[in-house]
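Reviewing the structure listed below.
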Amino acid sequence: MPLQIIGAGFGRTGTTSLHMALGQLGFPCYHMFEVVKKANRPHLDFWRKVADAPAGTQHDWETVFAGYTAAVDNPACCVWRELLEANPDAKVILSLHPKGPDAWYQSCLETIYATETMWQFKVLKTASPRTRKLGDMLTRLIWQRSHQGTMTDRAKAVAFYEQHIERVKSGVPSDRLLVFSADQGWEPLCGFLGLPVPAGAYPEANDRVYFKKNIIAMALAAYVVLALLVLVLGAAVYGVARLAGWA
């Protein structure tokens, strides 16, 4: 099933609300949430292969997009050019943070970029092969390739965000591109897709709370791993001491 809608906007630009909106409009939508679902365990290995391949490489996209007609957020937005080449009739939505580039950067720091900065996540990577695979994919595909290693410097990251907007505008025909922010509501999105406006309000995802809970859970899990490691080392030392007659 070919993709009909490709999201070119970076993560933390209202992509969760957009994911919900597109689903409501009848477009099953791929999002980072799909990558980490237990039912989609092979997806992570697929995206690691994408990260290993040179930018511009085509892949068997049906491996992950079968059953979806839209894709937004990471990791799909990292390969928006490749997806457009593979789906030449698709429309492209460039989502932007409603409050601008600086607010987008701060939002990233407080949520999705935490996997790059928290020592607790590094502890979990040593203890869990799947977490290690996820962290490797996030680092190489999203932060190194898509963002070109700019996230450690606010000014560079914000400048890259603004350059990305221009790259998408210049790379997609204007009649197939919607530059959109969630605060605009249903009208521009539905007009772009040629669909009637739903009766209810445009979805408002409070996923910052979700990420905050995940960060706390990640930190607690790391402390549990460290505590178990201390217990194991302590037991090993005690065992050696007993064998040596020291205890």
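For SER174, SER146, the sequence from fewest to most other C-beta atoms within 10 Å is SER174, SER146.
Compute the length gained on full extension between SER174 and ARG132: take 0.36 nm times their separation in residues and subtract their Cα-Cα distance, giving the result in nm to one decimal.
On the way: separation 42, 0.36 × 42 = 15.12 nm, distance 4.00 nm.
Answer, rounded to one decimal: 11.1 nm.
A Förster radius of 30 Å combined with the Cβ-Cβ distance from THR139 to LYS99 puts the calculated FRET efficiency at roughly 0.65. Among the listed pairs LYS38/LYS91; LYS122/LYS169; LYS38/LYS99; LYS49/LYS122; LYS133/LYS156; LYS125/LYS156, those with a Cα-Cα distance over 32 Å are LYS122/LYS169; LYS38/LYS99.
Need the full-extension length gain, ILE165 to THR63, defined as separation in residues times 0.36 nm minus the C-alpha distance. One decimal, nm. Please report the intermediate quantities before stating the final value.
Details: separation 102, 0.36 × 102 = 36.72 nm, distance 2.84 nm.
Between ILE165 and THR63, full extension yields an extra 33.9 nm.
Laboratory data are not the source of any read-out in this text; all were calculated from the coordinates shown. Predicted, not measured: the structure shown is a model, and the values here were computed from it. With ideal geometry, Cβ positions are generated from the backbone for all residues, glycine too; neighbour counts draw on all protein chains shown.
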